[in-house]
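Colleague: Sharing a structure, written as structure tokens. Questions coming.
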Amino acid sequence: MGSEQIGQGGLTSKASPGKATILALGKAFPHQLVMQEFLVDGYFRNTNCDDPELKQKLTRLCKTTTVKTRYVVMSDEILNKYPELAIEGIPTIKQRLDICNDAVTRMAIGASRACIKKWGRSVSDITHMVYVSSSEARLPGGDLYLAGGLGLSPETQRVMLYFSGCSGGVAGLRVAKDIAENNPGSRVLLATSETTIIGFKPPSVDRPYDLVGVALFGDGAAAMVIGTDPVPVTESPLFELHTAIQNFLPNTEKTIDGRLTEEGISFKLARELPQIIEENIEGFCRKLIGVAGLTDKDYNKMFWAVHPGGPAILNRMEKRLDLLPDKLNASRRALMDYGNASSNTIVYVLEYMIEESRKMKAGIANCDWGLILAFGPGITFEGILARNLTI
């Protein structure tokens with residue numbers, strides 16, 4: 001991703017003094033790339049299941065998710081070493097965590113190195129770190145192993161966010177923004193890393209919702225560097241983070257339900273999740289954009305970087321907010337290419353957002369303001385009012 005700034009109407013967008021900005025983005029993936037068209041046969045072969053009804057259901061789900069490709073840690077090598085992962089009812093939490101703890105660290109290091117390289121400054125200039133994952137559990141946590149793997153200073157101040165699910169990436173960005181703005185001159189590394197091995201299970205008629213995860217979720221890692229007052233020439237800010245808020249919806253804690261068991265993590269996603277998000281999204285967005293004097297009439301003059309939890313969520317948002325079809329393009333592309341990679345996915349969306357904005361003709365007005373949004377367990381809404389500084 002280039003570091004040049006493209007002017008709007010002949011002027012270069014500049015960051016506001018003291019406001020946190022995203023200075024670089026990075027990503028990393030495991031080696032296994034799964035084509036959605038081959039997923040069903042591979043999954044049922046790996047789990048030794050021949051239930052035609054379940055297979056037909058997963059085939060339908062794979063088409064409706066709109067996912068085309070995904071990266072996964074799971075491989076034939078892992079299944080040959082740990083065949084018990086594909087067998088129902090066997091305690092495998094130790095094996096899963098052994099695999100996951102190592103995998104998420106390696107991916108987080110890869111994404112962070114890619115991000116720091118694009119940033120253009122030394123790793124020694126990182127003063128703080130925020131680490132996000134819903135795919136590991138250990139003490140000390142993955143933040144320490146990431147810091148060691150990158151060679152960060154022992155004085156680097158670390159924060160961990162565990163089991164925030166799909167809203168974790170934006171939650172981490174909110175925390176990084178607060179750290180950067182309250183510590184002038186600091187540079188915060190935000191890293192996210194996820195793998196579905198923690199919840200990999202054979203298909204079961206008793207758990208039809210598991211098939212949604214099989215058809216939708218992917219693995220990977222992502223990273224950002226956040227700081228205020230970018231150094232001229234050396235740093236090129238991508239987005240300014242103006243205002244960040246978090247809301248939870250009372251009495252919805254069972255809508256996204258996850259339990260860590262002896263067989264790994266078990267998730268239940270209620271069917272009404274897209275509807276609940278649709279019913280509450282408008283008030284949440286109005287609260288955020290009002291800070292900048294914007295109203296719902298400005299929705300189609302803004303950019304929308306939305307975590308793609310699934311096509312139903314994006315479709316309902318688009319309809320409720322009366323968004324133009326291209327407004328969620330970056331989210332739909334990220335979903336198509338990477339699946340729902342949980343906390344990582346918002347970085348993939350922002351990368352596509354920058355790519356698309358740089359293809360636009362200079363001089364398009366009113367597209368600098370926008371929203372960065374994600375939804376997770378709680379149900380929790382995370383939102384950041386931002387400015388795109390690349391247009």
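Colleague: Applying the selection to region 234-252, what residues are open to solvent by less than 40 Å² (accessible area, probe 1.4 Å) and part of a loop (DSSP other than H, G, I, E, B)? Please lay out each step first, then the result.
Modeller: Within region 234-252, the first condition is being open to solvent by less than 40 Å² (accessible area, probe 1.4 Å), and the residues that meet it are 235-241, 243-245, 249, 252.
Listed by number, the residues that qualify are E235, S236, P237, L238, L249, T252.
Colleague: Let me ask another. Of all residues in region 200-233, which are at pLDDT below 95, on the phi < 0 side of the Ramachandran plot and open to solvent by 40 Å² or more (accessible area, probe 1.4 Å)?
Modeller: V205, D206, P208, Y209, V212, P232
Colleague: Taking the criterion of being open to solvent by 50 Å² or more (accessible area, probe 1.4 Å), small (G, A, S) and touching a strand residue (DSSP E or B) at 6+ places or on another chain (Cβ under 9 Å), would at least one residue in region 186-197 satisfy it? Give the steps one after another, and end with the answer.
Modeller: Taking region 186-197 first, the residues open to solvent by 50 Å² or more (accessible area, probe 1.4 Å) are 196.
Then keep just the ones that are small (G, A, S); that gives none.
Checking region 186-197: not a single residue is open to solvent by 50 Å² or more (accessible area, probe 1.4 Å), small (G, A, S) and touching a strand residue (DSSP E or B) at 6+ places or on another chain (Cβ under 9 Å).
Colleague: Then there's this: Looking at region 129-175 only, could you name the residues that are closer than 17 Å to T380 by Cβ, of a type in the set (A, V, I, L, M, F, W, C) and part of a helix (DSSP H, G or I)?
Modeller: Listed by number, the residues that qualify are C166, V170, A171, L173, V175.
Colleague: Inspect region 94-106 for any residue being buried (at least 22 other Cβ atoms within 10 Å of the Cβ), in contact (Cβ under 8 Å) with a residue 60 or more places away in the chain and in contact with a strand residue (DSSP E or B) (Cβ under 7 Å, 6 or more places away or on another chain) and give the result as yes or no.
Modeller: yes
Colleague: For region 176-204, enumerate the residues that are part of a helix (DSSP H, G or I) and β-branched (V, I, T).
Modeller: Across region 176-204, the qualifying residues are I179, T196, I197, I198.
Colleague: With respect to I245, determine if the residue is more than 30 Å from E278 (Cβ to Cβ) and at pLDDT 95 or above.
Modeller: Criteria not met by I245.
Colleague: Out of region 259-275, which residues are open to solvent by less than 80 Å² (accessible area, probe 1.4 Å), in contact with a Ser or Thr (Cβ under 7 Å, 6 or more places away or on another chain) and in a strand (DSSP E or B)?
Modeller: Of everything in region 259-275, just one residue is open to solvent by less than 80 Å² (accessible area, probe 1.4 Å), in contact with a Ser or Thr (Cβ under 7 Å, 6 or more places away or on another chain) and in a strand (DSSP E or B), namely G264.
This table checks each residue for (1) of a type in the set (D, E, K, R); (2) surrounded by 12 or more Cβ atoms within 10 Å (Cβ to Cβ).
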site: Q32; (1), (2): no, yes
site: N48; (1), (2): no, no
site: T59; (1), (2): no, yes
site: K68; (1), (2): yes, yes
site: V73; (1), (2): no, yes
site: L85; (1), (2): no, yes
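Colleague: Of all residues in region 121-163, count the ones that are closer than 12 Å to V104 by Cα and crowded, with 18+ Cβ neighbours inside 10 Å.
Modeller: 11
Colleague: Can you run down the residue pairs with Cβ atoms below 9 Å, 6 or more apart or on separate chains, where the first is in region 40-67 and without any contact (Cβ under 8 Å) to a residue 24 or more places away in the chain and the partner is among the basic types (K, R) and open to solvent by 20 Å² or more (accessible area, probe 1.4 Å)?
Modeller: From residues that are without any contact (Cβ under 8 Å) to a residue 24 or more places away in the chain, the pairs are V40/K55; D41/K55.
Colleague: Still on this structure: Restricting attention to region 258-277, does a residue exist that is without any contact (Cβ under 8 Å) to a residue 40 or more places away in the chain and acidic (D, E)?
Modeller: Taking every residue of region 258-277 in turn, at least one turns out to be without any contact (Cβ under 8 Å) to a residue 40 or more places away in the chain and acidic (D, E).
Colleague: So, in region 379-391, exactly how many residues are farther than 17 Å from L25 by Cβ and at pLDDT below 95?
Modeller: Matching residues across region 379-391 total 0.
The values are calculated or read from the model by the stated rules, or taken from the named source; none is laboratory data. Everything numeric in this text was worked out from a predicted model, so none of it was measured. Cβ coordinates were reconstructed from backbone atoms using ideal geometry, including for glycine residues, and neighbour counts include every protein chain displayed. Side chains are part of the model used for accessible areas, which takes the heavy atoms of the whole protein and leaves out ligands, DNA and RNA. Shrake-Rupley method; radii C 1.70, N 1.55, O 1.52, S 1.80 Å.
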